[in-house]
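Report on the following structure.
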Amino acid sequence: MSRYPVLPKELFIENRQRLVSLLKQDSIAIIHSNYVFPASADENFPFKQNSDLLWLTGINQPNTTLVFLIDKFGSVDEYIFVDKTDPNLAVWEGDKQTMDQVRHISGIQNVEYTDNFDSFLEKNIFRFKNIYLDFNEHLRASREILNQNEKKVLCYKEKYPLHNFERLSPLISELRQVKLDFEIEIIKDAIRITKDIFDEILKIIRPGMYEFEIEALITYMGLKNGAYGNAFSPIVAGGINSCILHYQKNENVLKEGDIVLLDFGVNYGFYNSDITRVVPVSGKFTERQKDIYSAVLDVQRQAMAFLKPDVTYEEYEKFVGNLIEEKLIELDLITIEDVKNQSPQNPVYRKYYMHRTSHFLGIDVHDVNVATGIVKVGTVLTCEPGIYVKEEAIGVRLEEDILITESGTENLTASIPIDPDHIEQIMNSR
Ligand SMILES: [Mn+2]
C-alpha cells in the first residue's frame, strides 16, 4: 500500500536511456542521493531526495547511489546501491525497500547494498577514462553547505586525480526541462488538487480569519488528496504582506477591505504545482485593487500569448517589462518622464516588479535552473507577473502553470478561477 501515486518504471527507464545516450564511451557515471541533514539534538531535517536521482530512479531513500558503466564500445551496465534493512534501526523506522521493490520501482535489475559500493568502485573505476559526476549548478543554489554529490566531487578528484572528470548537470538539466507525457499528466493531477484547494478557500475566507487558518486548509487538503505535502511553504499574505514576495509567517488577521495573496501548490507523485491568486477578503475588490489586478491579468495574458517555441527568455522578459512599464504609467505609479530618465540597467518599473516572470516547474518548484536561452516544446513553466504597491498595501501576483506546445502555450491551470468578476461572483454566492 502506498498513500502516494506510484510512477511507472518506464518513466525512469526512459530518463536513464536519454541520459546515457549523451554520455561518452569509456565512462563511469555516479549519482548519489542526498544526505539526511542534522537539525538539533538527535533530530534531523525531513529527508529530501536529490532531484536528479529521483528523476532517474524513483527511489526516495537516503544512501542510494546510481552508477552507469559505459565501455569503449558503448555497451552500458547500470547498478543501484541501496541501504540494507538494519534490524536495530528497523525497530524505530521500519524496513528499507527490498531489492525486489527497488527493481520494481526503478526498472534497474542490478541492485546491490550500499555497504558494497566502495569495493565495487575500487574494482571498476580504473577500467574507465571519464568520470561523470553530478553537481547542483542552479544559478541560485546555496553553496554554504555541500550536498553528498558535491562533497563526493571533491573526494573523487583527490582519490582519482588522473581521470578525466565530466559534468552531468548540464546534460540532466536540458533533459529535465522538457517533460515526457507522463510527467505532464502527473503535473495536471497536482493542479487538480490545487484547484480543489482554491475552490474551498473561496468558500471559507472571511474578515477576521488568520492567515495561518488558510495555510492549514491548504496543507490539510493536499495531504488528504494524496500529496506528499505542500510544494513549498504556502504564502498567505493579507494587506501589506502581499508586497513581501516570499511572506511565509502567515500570522496576521485578514481585514475587511484588504486583499489576500495566496501562493501555494502541492507536491504530488514527486511533481509540483505552483499557483498564485489574489482574493478580496470581504468578497469585493475596491476600484483601485481591481485596476491593479486587471493590469497584472492583462500583462499575464499577453505574456502567455508571447511564449512559443524558439523565442528567447530574454526577449520574453523584455516584452513583459515593457508591458508592466505601460501599466504602471496608466496606474499613475510612474511617469513617462521617469521612463525617459531611467538607466537601461535599472529600469524604473523594477520598483514595483522585482522578480522574473517565469520559472521552470517539475520535480523541483524552481526546476532545473533559471529560465534562459530558447523556449522549447514540452517545457512546463509558470507565468507570474506582478505589481507590488507597498504604499497602498496592494500586492498582486497572478501565477499560472503552462506547457509550451508546437503552436504556443497550453494553460494547465485554466480551470482555476482568475477573472476578478468571477472570483467576486463565487464569493458572493456562497
Ligand atoms: Mn512560482
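Per-residue answers, yes or no, for (1) touching a Phe, Trp or Tyr at 6+ places or on another chain (Cβ under 8 Å); (2) under 29 Å from Leu19 (Cα atoms):
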{"site": "Asp181", "(1), (2)": "no, yes"}
{"site": "Leu217", "(1), (2)": "no, no"}
{"site": "Ala227", "(1), (2)": "yes, yes"}
{"site": "Ala231", "(1), (2)": "yes, yes"}
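For residues that are modelled with pLDDT of 95 or more, under 16 Å from Val20 (Cβ atoms) and surrounded by 12 or more Cβ atoms within 10 Å (Cβ to Cβ), tally how many sit in segment 66-96.
The total comes to 11.
Residues are listed down the side, and each one gets a yes or a no for (1) loosely packed, with under 15 Cβ neighbours inside 10 Å; (2) among the basic types (Lys, Arg); (3) at pLDDT 95 or above:
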residue: Glu315; (1), (2), (3): yes, no, yes
residue: Leu328; (1), (2), (3): no, no, yes
residue: Ile334; (1), (2), (3): no, no, yes
residue: Arg350; (1), (2), (3): yes, yes, yes
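Could you check segment 374-430 and list, in sequence order, the residues that are more than 21 Å from Ile193 (Cβ to Cβ), assigned to a strand (DSSP E or B) and polar (S, T, N, Q)?
The answer is Thr379, Thr409.
Just the residues that are more than 20 Å from Lys195 (Cβ to Cβ) and in a strand (DSSP E or B), please, taken from segment 205-237.
Tyr210, Ala237
Quick check on my filter: what residues within segment 167-198 are surrounded by fewer than 17 Cβ atoms within 10 Å (Cβ to Cβ) and part of a loop (DSSP other than H, G, I, E, B)?
The one that is surrounded by fewer than 17 Cβ atoms within 10 Å (Cβ to Cβ) and part of a loop (DSSP other than H, G, I, E, B): Leu180.
How do the pairs read when you match residues in segment 275-292 that are crowded, with 19+ Cβ neighbours inside 10 Å with residues anywhere that are polar (S, T, N, Q) and outside any strand (DSSP E or B), using Cβ under 6 Å and keeping only pairs 6 or more apart or on different chains?
Short answer, once both residue conditions are applied: Ile275/Thr194; Ile275/Thr413; Gly283/Asn428.
Exactly one of (1) more than 24 Å from Ile201 (Cα to Cα); (2) of a type in the set (D, E, K, R); (3) in contact with a strand residue (DSSP E or B) (Cβ under 9 Å, 6 or more places away or on another chain); (4) buried (at least 18 other Cβ atoms within 10 Å of the Cβ) is unmet by Asp310. Its number?
Tallying (1) more than 24 Å from Ile201 (Cα to Cα); (2) of a type in the set (D, E, K, R); (3) in contact with a strand residue (DSSP E or B) (Cβ under 9 Å, 6 or more places away or on another chain); (4) buried (at least 18 other Cβ atoms within 10 Å of the Cβ), Asp310 fails exactly one: (4).
Can you name the residue in segment 377-416 that is within 16 Å of the ligand (Cβ to nearest atom) and among the charged types (D, E, K, R) and is also surrounded by the fewest Cβ atoms within 10 Å (Cβ to Cβ) among such residues?
The residue in question is Glu384.
The values are calculated or read from the model by the stated rules, or taken from the named source; none is laboratory data. None of these values were measured; they are calculated from a predicted model. Because the Cβ atoms are built from the backbone with ideal geometry, glycine has one as well, and the counts that use them run over all protein chains shown.
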